[in-house]
Amino acid sequence: MSSIFIQIPSYRDFELNKTIASAVNNASGENTLHFGIHQCLLFDSEIVINTNYPDWVKISFVDSIAPENIGLQKSRYIANEFYNNEDYYFQIDAHMRFVKNWDLKAITM
(Lines give C-alpha, C1' and ligand atoms only; values in the text may rest on other atoms or scores of the structure.)
Protein backbone atom coordinates (compact mmCIF):
# COMPACT_ATOMS: atom_id res chain seq x y z
CA MET A 1 0.00 0.00 0.00
CA SER A 2 1.43 3.36 -1.05
CA SER A 3 1.00 6.54 0.94
CA ILE A 4 -0.11 9.90 -0.39
CA PHE A 5 0.42 13.25 1.34
CA ILE A 6 -2.12 15.90 0.36
CA GLN A 7 -1.13 19.45 1.26
CA ILE A 8 -3.98 21.95 1.59
CA PRO A 9 -3.59 25.64 2.43
CA SER A 10 -6.90 27.33 3.16
CA TYR A 11 -8.09 30.84 3.89
CA ARG A 12 -11.69 30.80 5.12
CA ASP A 13 -12.65 28.25 2.46
CA PHE A 14 -16.03 26.76 3.30
CA GLU A 15 -15.46 24.09 0.63
CA LEU A 16 -12.58 22.53 2.59
CA ASN A 17 -14.60 19.71 4.16
CA LYS A 18 -16.22 18.92 0.79
CA THR A 19 -12.76 18.74 -0.78
CA ILE A 20 -11.48 16.30 1.83
CA ALA A 21 -14.65 14.20 1.60
CA SER A 22 -14.42 14.10 -2.20
CA ALA A 23 -10.80 12.94 -2.06
CA VAL A 24 -11.61 10.21 0.47
CA ASN A 25 -14.90 9.07 -1.08
CA ASN A 26 -13.39 8.84 -4.56
CA ALA A 27 -10.11 7.18 -3.55
CA SER A 28 -9.66 3.49 -4.23
CA GLY A 29 -8.90 2.67 -0.61
CA GLU A 30 -5.72 0.93 -1.79
CA ASN A 31 -3.47 3.77 -0.59
CA THR A 32 -3.21 5.62 2.69
CA LEU A 33 -4.07 9.31 2.55
CA HIS A 34 -2.50 11.87 4.86
CA PHE A 35 -3.91 15.39 4.68
CA GLY A 36 -1.68 18.20 5.91
CA ILE A 37 -3.84 21.29 6.31
CA HIS A 38 -3.31 24.84 7.46
CA GLN A 39 -6.37 27.04 7.57
CA CYS A 40 -6.48 30.72 8.39
CA LEU A 41 -9.76 31.87 9.91
CA LEU A 42 -11.27 35.09 11.21
CA PHE A 43 -12.31 33.49 14.51
CA ASP A 44 -11.84 30.19 16.32
CA SER A 45 -14.05 27.33 15.07
CA GLU A 46 -15.27 29.32 12.05
CA ILE A 47 -14.72 26.15 9.99
CA VAL A 48 -14.42 22.86 11.87
CA ILE A 49 -12.54 20.15 9.97
CA ASN A 50 -14.25 16.77 9.95
CA THR A 51 -11.82 14.07 11.09
CA ASN A 52 -14.24 11.12 11.08
CA TYR A 53 -12.77 8.99 8.29
CA PRO A 54 -11.63 5.38 7.73
CA ASP A 55 -8.36 4.11 9.27
CA TRP A 56 -6.46 4.59 6.01
CA VAL A 57 -7.05 8.36 6.21
CA LYS A 58 -5.12 10.68 8.53
CA ILE A 59 -6.01 14.34 8.99
CA SER A 60 -3.32 16.65 10.43
CA PHE A 61 -4.13 20.33 10.69
CA VAL A 62 -3.50 23.59 12.46
CA ASP A 63 -5.66 26.69 12.54
CA SER A 64 -4.47 30.29 12.64
CA ILE A 65 -6.54 33.36 13.36
CA ALA A 66 -5.96 36.18 10.86
CA PRO A 67 -3.76 38.11 10.52
CA GLU A 68 -1.45 35.45 12.01
CA ASN A 69 0.11 33.25 9.30
CA ILE A 70 -1.91 34.85 6.54
CA GLY A 71 -0.80 34.27 2.94
CA LEU A 72 -0.51 31.32 0.58
CA GLN A 73 3.23 30.72 0.93
CA LYS A 74 3.12 30.77 4.72
CA SER A 75 0.07 28.48 4.71
CA ARG A 76 1.75 25.98 2.35
CA TYR A 77 4.86 26.02 4.56
CA ILE A 78 2.82 25.25 7.68
CA ALA A 79 0.79 22.50 5.97
CA ASN A 80 4.03 20.98 4.66
CA GLU A 81 5.27 20.55 8.23
CA PHE A 82 2.91 17.54 8.51
CA TYR A 83 4.65 15.69 5.66
CA ASN A 84 6.02 12.39 6.99
CA ASN A 85 7.91 10.77 4.10
CA GLU A 86 4.80 9.58 2.26
CA ASP A 87 5.45 8.00 -1.14
CA TYR A 88 3.58 10.68 -3.12
CA TYR A 89 2.98 14.38 -2.50
CA PHE A 90 0.05 16.41 -3.84
CA GLN A 91 -0.47 20.14 -3.51
CA ILE A 92 -4.12 21.07 -3.95
CA ASP A 93 -6.54 23.90 -3.26
CA ALA A 94 -9.21 23.78 -0.56
CA HIS A 95 -12.01 23.81 -3.15
CA MET A 96 -11.54 20.79 -5.44
CA ARG A 97 -13.46 17.66 -6.42
CA PHE A 98 -11.98 14.28 -7.36
CA VAL A 99 -12.84 11.58 -9.91
CA LYS A 100 -13.35 7.94 -8.94
CA ASN A 101 -10.04 6.14 -8.20
CA TRP A 102 -8.11 9.39 -8.58
CA ASP A 103 -5.28 8.01 -6.45
CA LEU A 104 -4.64 5.02 -8.72
CA LYS A 105 -4.86 7.17 -11.83
CA ALA A 106 -2.42 9.75 -10.45
CA ILE A 107 0.10 7.14 -9.33
CA THR A 108 -0.07 5.41 -12.73
CA MET A 109 0.62 8.72 -14.47
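Using alpha carbons only, how many degrees (0 to 90, rounded to 10) separate the axis of helix 16-25 from the longest principal axis of the chain?
So the inclination is approximately 10 degrees.
For n ≥ 4 DSSP H runs only, could you compute -39500 (n - 2.57) per run for the chain, divide by its residues and tell me the 222 nm figure to the nearest 500?
Details: 3 runs with 26 residues, N = 109.
-6500 deg cm²/dmol, from helical runs alone.
In square angstrom, what is the accessible area per residue of the chain with a 1.4 angstrom probe?
Details: 6030 Å² over 109 residues.
For the chain, the solvent-accessible area averages 55 Å² per residue.
Quantify, in whole percent, the carbon and sulfur part of the accessible surface of the chain (1.4 Å probe; protein heavy atoms only). Provide the component values of the computation, followed by the final result.
Values: 3060 of 6030 Å².
Here it works out to 51 percent.
Mind listing the long-range amide H neighbours of Q7? Cut-off is under 5 Å, sequence gap 5 or more, other chains count too, H placed in the peptide plane at 1.01 Å from N.
G36, F90, Q91, I92
K58: which lysines have alpha carbons under 18 Å from its alpha carbon, excluding same-chain residues fewer than 8 sequence positions away?
Once the sequence-local lysines are set aside, what remains near K58 is K18.
From the phi of every residue in the stretch 58-71, what ³J(HN,Hα) in whole Hz does the Karplus formula 6.51 cos²θ - 1.76 cosθ + 1.60 yield, where θ is phi - 60° and glycine or proline is x?
Per-residue couplings from phi come out as 10, 10, 10, 8, 9, 9, 10, 9, 4, x, 5, 6, 7, x Hz.
Where Rh denotes the Kirkwood radius from the mean inverse Cα pair distance, what is Rg over Rh for the chain?
0.96
Name the long-range amide H neighbours of C40: under 5 Å, sequence gap of 5 or more, or other chain; modelled H, no Pro or chain starts.
When sequence neighbours closer than 5 places are left aside, the close amide H contacts are S10, Y11, R12, S64.
Give the residue list of trypsin sites (Lys or Arg not before Pro) in the stretch 79-109 that are DSSP loop and have at most 14 other beta-carbon atoms within 10 angstrom. Mind dumping the intermediate values first?
Values: sites: R97, K100, K105; in loops: R97, K100.
Filter output for the stretch 79-109: R97, K100.
The values are calculated or read from the model by the stated rules, or taken from the named source; none is laboratory data. Quick caveat: nothing in here was measured; it's all calculated off a predicted structure. Note: ideal-geometry Cβ built from the backbone for every residue, glycine included; neighbour counts use all protein chains shown. We work out accessible area using only protein heavy atoms, side chains counted, and drop any ligands, DNA or RNA first. Shrake-Rupley method; radii C 1.70, N 1.55, O 1.52, S 1.80 Å.
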